[in-house]
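Novice: Structure provided below as structure tokens; questions to follow.
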Amino acid sequence: MTKESAAFLLSATATILITGSIITAHVLSPEFKQFLINLTGHHWISVSIIAAILFPLISVLILSSENLGALLKADALRIWSKGLVVATILALLGTFIVYVSITLW
């Protein structure tokens, strides 16, 4: 696995976790949801723009970092892929739990 491929997988994982956290936060906090609405006119547009900015930004930061270089040299495509799957599942479960708890109360 190249350094770029590993960086992109790590960036995708971080972007999914952060975006999932933002979605959960805007469901739980009307003030945060209003903040997102004020940014672009609709909270989902704001979340999408944040995700679109996060991925390339995190990728550039990882690729330019000397400290993460050693970590990204590992030829462990399975580990990075599993991390992406776990991050996606955690974001989905967190969002699902929030929606279920809100509808039950």
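The values are calculated or read from the model by the stated rules, or taken from the named source; none is laboratory data. Everything numeric in this text was worked out from a predicted model, so none of it was measured. Cβ coordinates were reconstructed from backbone atoms using ideal geometry, including for glycine residues, and neighbour counts include every protein chain displayed.
Novice: Out of the stretch 1-35, which residues are free of Cβ contacts under 8 Å to residues at least 12 places away in the same chain and either of a type in the set (A, V, I, L, M) or not in a helix (DSSP H, G or I) (or both)?
Specialist: Selection gives THR2, ALA25, SER29.
Novice: Same structure, new question: Within the stretch 47-94, can you find the residues that are modelled with pLDDT under 80 and among the hydroxyl-bearing types (Ser, Thr, Tyr)?
Specialist: SER65, SER81
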